[in-house]
Amino acid sequence: MAKEKPVINVAFVGHVDHGKSTTIGHLMFQSGKLPQQELDKLKAEAVKHGKVGFEFAYYMDKFKEERERGVTIDLSYEKLPTNKFDVTIIDAPGHRDFVKNMITGASQADAAFLTVAAKEGVQPQTKEHVWLLRTMGVRQIAVLVNKMDTVEYKEEDYNRVKTDVSVILKQAGYKLEEVAFIPISGFKGENLVKKSDKLPWYKGPTLLEQLDLFKAPDKPTNLPLRMPLQDVYEITGIGAVPVGKIETGIMKIGQKIVVVPGRSGKGIDGEVRSIEMHHEQMTTAEAGDNVGVNLRGLGKKDMARGDVVCDAASPAHVVEEFVAQIAVISHPTVIAKGYTPVFHVHTAQVPCQFIELIEKTSPDGQKTPNPDFLKNGDVAKVRLKPIGNLVIESQATNPHMSGFAIRDAGATVAAGVCIEVKAKK
Ligand SMILES: Nc1nc2c(ncn2[C@@H]2O[C@H](COP(=O)(O)OP(=O)(O)OP(=O)(O)O)[C@@H](O)[C@H]2O)c(=O)[nH]1
Ligand SMILES: [Mg+2]
């Protein structure tokens with residue numbers, strides 16, 4: 001089947017309970033994808049769990065634990081065709097315990113809605129998610145000022161949130177003139193699909209209109225094939241089906257590929273046998289597509305989340321060391337040589353050791369070569385050594401494979417981008 005519209009992946013991020021899942025669920029209801037009957041069932045289930053008001057969120061939060069606790073734990077995906085795009089909505093968790101899932105979501109997103117509740121305003125994960133979006137290369141952001149019903153749809157509350165969020169966006173390097181701020185009520189369904197008469201002072205787009213205002217993602221199809229694996233399923237009659245988003249390049253049936261590092265740690269050769277996208281068989285897929293594939297020569301045990309399917313003619317490499325530019329977001333003390341936190345790179349999670357602090361730039365712009373330590377707010381060039389097999393590429397070689405977040409003890413310590421690699425022999 002011919003592809004008619006460009007695909008765009010849009011993540012909903014922001015602090016826990018600010019209404020991401022509810023907004024998506026209601027958007028689906030108003031778009032006709034969630035029938036009234038289904039909604040009634042979800043409502044009854046929410047009542048049963050003592051979670052009145054979570055019926056729209058339940059549409060996205062499908063796991064038992066998510067429904068009982070009333071929090072999103074893992075990513076969930078929903079498709080929505082608009083005038084311009086085939087949108088894949090990615091619902092990310094806001095709770096700090098599940099930031100690692102949010103980072104994976106951010107790594108797949110072309111654009112994001114930062115959701116901020118009007119009354120609560122900026123909260124810790126509002127800020128953290130902005131930095132993570134920036135680091136994972138999400139250039140397009142729109143801000144949803146949600147729960148406007150809780151502030152009687154007042155413009156002054158919207159303006160307060162807008163001012164506070166603007167400060168953070170600016171710090172992270174976003175251009176404010178490119179960021180839309182949209183007042184909504186996810187729960188009441190205001191300003192999602194239809195312009196709300198409760199917000200007469202607001203002249204901008206609805207949430208649905210904003211989706212079509214995002215720019216179609218660049219299709220970096222001229223770069224070599226890179227598909228970081230999100231998961232590997234075993235499907236009866238087919239075999240192992242690794243799934244993930246193609247970051248760059250084109251995938252074709254019959255193409256020779258190599259999965260790096262793979263179980264061997266050195267890469268495992270194979271060939272593309274079949275490609276499936278949204279339950280349809282394809283002969284080719286390309287950058288931006290979320291696909292499931294079957295690879296001749298590779299079984300379920302040969303590959304896992306974090307491996308990368310590469311074009312055999314120009315594969316990525318497992319790195320011995322790499323140099324990166326990082327921003328220290330939140331560390332309880334200081335970062336010194338020898339520190340070995342977990343790096344989240346595309347879909348991989350690998351500990352890496354700081355082996356050299358090359359140069360530091362303080363928040364006031366002052367540069368220090370070979371600093372003894374780094375603290376919050378510092379930006380620095382550092383040399384890192386993965387403990388284990390990691391595939392990462394420099395920003396110049398492949399910008400889509402160069403971003404990472406550093407996590408330690410349940411928090412994001414720093415985020416950065418790789419600028420130089422030394423491949424493992
Ligand atoms: N009054 C009001 N309540 C809302 C609105 N949107 C969400 N809520 C409520 O806020 C609570 C949390 O909603 P969720 O949609 O689960 O929030 P979330 O951002 O997805 O939370 P996590 O995924 O756990 O980070 C629920 O009780 C919702 O009913 C809104 O626009 N107005
Ligand atoms: Mg949620």
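Values quoted throughout were computed directly from the atomic coordinates according to the rules given, and no laboratory measurement underlies them. Since the structure is predicted, the reported quantities are computational estimates derived from the model, not experimental observations. Every residue, glycine among them, receives a Cβ derived from its backbone with ideal geometry; neighbour counts consider all protein chains shown.
If you take the charge dipole of the chain about its Cα centre, with +1 on Lys and Arg Cβ and -1 on Asp and Glu Cβ, which of ALA111, THR82, ALA57 is farthest toward its positive end? Going by the Cα projections, it comes out as ALA111.
Name the chymotrypsin sites (Phe, Trp or Tyr not before Pro) in region 1-65 that are in a loop by DSSP and that have at most 13 other C-beta atoms within 10 Å, would you? Please report the intermediate quantities before stating the final value.
Numbers: sites: PHE12, PHE29, PHE54, PHE56, TYR58, TYR59, PHE63; in loops: PHE54, PHE63.
The qualifying sites are PHE63.
The Cα-based radius of gyration of region 226-311, divided by its Kirkwood radius, gives an Rg/Rh of 0.91.
Sorted fewest first by neighbouring Cβ atoms within 10 angstrom, MET251, MET148, MET282 come out as MET282, MET251, MET148. For region 1-52, GluC sites (Glu not before Pro) are listed when DSSP marks them as loop and at most 13 other Cβ atoms sit within 10 Å of their Cβ; the list is GLU4.
Other residues whose C-beta falls under 13 angstrom from the C-beta of ILE268 contribute a net charge of +2, scoring Lys and Arg +1 and Asp and Glu -1.
Neighbour counts of other Cβ atoms within 10 Å put SER274, SER402, SER21, SER76 in the fewest-to-most order SER274, SER76, SER402, SER21.
Using the number of other C-beta atoms within 10 angstrom as an exposure proxy, rank LEU213, LEU192, LEU225 with the fewest first. If you can, show how the numbers build up before the last one.
On the way: LEU213 13, LEU192 23, LEU225 28.
Ordered by Cβ neighbours within 10 Å, fewest first: LEU213, LEU192, LEU225.
Take the alpha carbon gyration tensor of the chain, find the square roots of its eigenvalues, order them as a ≥ b ≥ c, and report rounded if a/c is under 1.5; if not, report prolate when a/b exceeds b/c, else oblate. Present the calculation step by step, with values, prior to reporting the outcome.
On the way: a/c = 1.84, a/b = 1.21, b/c = 1.52.
Because a/c hits 1.5 or more and a/b fails to exceed b/c, the chain counts as oblate.
Other residues with beta-carbon under 12 Å from the beta-carbon of LYS84 carry, at +1 per Lys or Arg and -1 per Asp or Glu, a net charge of -2. Centre-to-centre, using Cα atoms only, region 92-108 and region 396-425 are separated by 16 Å. Using the alpha carbons alone, the radius of gyration of region 7-213 stands to its Kirkwood radius in an Rg to Rh ratio of 0.93. Here the dipole of the chain is about 440 debye; that uses its Cα centre as origin and unit charges on the Cβ of Lys and Arg (positive) and Asp and Glu (negative). Counting charges near GLN230 (Lys, Arg +1; Asp, Glu -1) among other residues having Cβ under 10 Å from its Cβ returns a value of +1. I'd like the distance separating the alpha-carbon centroids of region 131-194 and region 213-227, in whole Å. For region 131-194 versus region 213-227, the Cα centre distance is 26 Å. Using the Karplus relation 6.51 cos²θ - 1.76 cosθ + 1.60 with θ = phi - 60°, the per-residue 3J(HN,Hα) values for region 50-61 come to x, 10, 3, x, 9, 4, 5, 4, 4, 4, 8, 8 Hz, with x marking Gly and Pro. What the Kirkwood sum gives for region 302-425 is a hydrodynamic radius of 14.7 Å, with every pair of different alpha carbons counted.
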